[in-house]
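Reading through the structure tokens given below for one structure.
The values are calculated or read from the model by the stated rules, or taken from the named source; none is laboratory data. Keep in mind the model is a prediction, meaning the values are calculated, not measured. As a convention, Cβ positions derive from the backbone with ideal geometry for all residues, glycine included, and neighbour counts pool all protein chains shown. Heavy atoms of the whole protein, side chains included, go into the accessibility calculation; ligands, DNA and RNA do not. Shrake-Rupley method; radii C 1.70, N 1.55, O 1.52, S 1.80 Å.
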Amino acid sequence: MRKKQVLIFDADDTLWENNIRFERVIADFLDWLAHPTLDRAEIRAVLDDIEAANAVTHGYGSSMFLRSLGECFERLHERPTTFEEQREINELAAALVDHRVELLPGVSETLDNLGGRHKMLLLTKGDVEEQRRKLEASDLGHHFESIHIVPEKNVDTYQRLVDAYGFTPSRTWMIGNSPKSDVIPARRAGMNAVFIPNAHTWSLEQSELDPSDERVLRLSRFPELMRHF
């Protein structure tokens with residue numbers, strides 16, 4: 001694999017921390033909600049269901065998340081939020097408006113190293129403006145020959161990318177932390193994949209991987225890429 005490969009990188013929770021910021025807001029929301037009969041796990045299950053539905057119709061990102069918090073409150077209390085309650089929910093999620101990013105360890109140095117040998121692209125899903133702001137704050141954009149922000153990452157997404165650039169799938173690798181969005185659809189499109197798990201990966205991005213699939217490289221840390229490519 002030291003010969004030139006096409007390396008396609010995920011962004012959120014692969015290059016920088018992302019979901020942990022949402023998890024902190026959810027923890028504060030559960031503390032604030034204080035439902036009289038449901039415990040935290042039961043409330044979280046309701047919120048997960050609402051987020052899964054909203055992701056289909058409203059996409060990903062902080063706006064969808066804020067909408068989901070409000071809908072969760074309304075479903076559990078069986079009434080609309082008051083102006084004051086919505087203001088408090090907005091304040092809980094205010095930290096998400098800050099688009100400063102925390103790079104994961106070794107990311108910048110690893111991209112510097114790999115860029116001299118391989119063709120590198122960025123493929124991320126979510127709200128276009130939100131993802132652009134995070135990418136600008138990361139100062140990583142110059143590493144990539146092209147940047148693609150899409151509403152969803154599925155088999156068609158990967159197939160269109162392969163077709164548009166004429167990539168050879170056997171020499172193309174999708175690198176990310178999400179089994180659901182990064183690994184499984186890339187493999188179904190005939191590409192290889194590198195799975196780098198993040199302890200804070202969103203629960204809705206989890207899925208079982210085939211342990212016998214030899215075209216999925218499993219690493220524990222981002223800098224380990226330099227040992228393989």
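With label points built 7 Å along Cα→Cβ from the Cα atoms of Asp112 and Thr37, find their separation and express it in nm.
5.9 nm
So if R0 is 25 Å, what FRET efficiency would Arg227 and Tyr165 give, r being the distance between their Cβ atoms, rounded to the nearest 0.05?
E between Arg227 and Tyr165, to the nearest 0.05, is 0.45.
When the Kirkwood hydrodynamic radius is evaluated over all pairs of different C-alpha atoms of the stretch 101-192, what value in angstrom, to one decimal, is obtained?
14.0 Å
For the chain, find the longest principal axis of its Cα atoms and tell me its angle to the long axis of helix 155-165, 0 to 90°, nearest 10.
40 degrees
Roughly how many Å² of Arg221 are accessible to a 1.4 Å probe, to the nearest 10?
Accessible area of Arg221: about 120 Å².
Expressed as a rounded percentage, what relative contact order does the stretch 1-132 have, with Cα pairs under 8 Å and six or more residues apart?
Dividing the mean separation by the residue count of the stretch 1-132 yields 51 percent.
For Arg215 and Glu84, FRET efficiency with R0 = 45 Å and r from the beta-carbon atoms, rounded to 0.05?
The pair Glu84/Arg215 has a calculated efficiency of 0.25.
How far is helix 83-92 tilted off the main Cα axis of the chain, in degrees rounded to 10, range 0 to 90?
30 degrees
With a Förster radius of 35 Å, plug the Cβ-Cβ distance of Val56 and Ala94 into 1/(1 + (r/R0)^6) and report the FRET value to the nearest 0.05. Write out the running numbers ahead of the final one.
Values: r = 26 Å, r/R0 = 0.74.
My answer for the efficiency is 0.85.
Using the Cα atoms of the stretch 149-229, I'd like the radius of gyration and the largest Cα-Cα distance, Dmax, both in angstrom.
12.4, 34
Work out how far the C-alpha atoms of the stretch 143-184 reach from end to end along every principal axis, then list the three figures in whole Å, largest first.
24, 21, 20
When the C-alpha atoms of the chain are aligned to their principal axes, what extent does each axis show, in angstrom, from largest down?
60, 35, 30
For the stretch 18-97, what value does the Rg/Rh ratio take when both radii are computed over Cα atoms and Rh is the Kirkwood radius, given to two decimals?
0.92
Would you compute, from DSSP H runs of 4+ residues alone, the mean residue ellipticity of the chain at 222 nm, taking -39500 (n - 2.57) per run and dividing by the full residue count, rounded to the nearest 500?
Rounded to the nearest 500, it is -13500 deg cm²/dmol.
What accessible area, in Å² to the nearest ten, does a 1.4 Å probe give for Asp39?
Here the accessible area works out near 80 Å².
When you take every Cα atom in the stretch 36-75, what is the radius of gyration, and what is Dmax, the widest Cα pair distance, in Å?
Cα only, the stretch 36-75: 10.2, 31 Å (Rg, Dmax).
Of Lys3/Lys119; Lys3/Lys180; Lys3/Lys153; Lys153/Lys180, which pairs sit farther than 18 Å apart, going by alpha carbon to alpha carbon?
Lys3/Lys180; Lys3/Lys153
Using only the C-alpha atoms of the stretch 188-229, find the volume of their convex hull and express it per residue in Å³.
In the stretch 188-229, the Cα convex hull volume per residue is 95 Å³.
At 1.4 Å probe size, with no ligands or nucleic acids counted, give the accessible surface of Ile149 in Å², nearest ten.
40 Å²
Please give the charge dipole size of the chain, origin at the Cα centre, charges +1 on K and R Cβ atoms and -1 on D and E Cβ atoms. Round to the nearest 20 debye.
On the way: 28 positive and 39 negative charges, 284 e Å.
In debye, rounded to 20, the chain gives about 1360.
List the relative contact order of the chain as a percent without decimals, with contacts defined as Cα pairs under 8 Å and 6+ residues apart.
Across the chain, relative contact order equals 28 percent.
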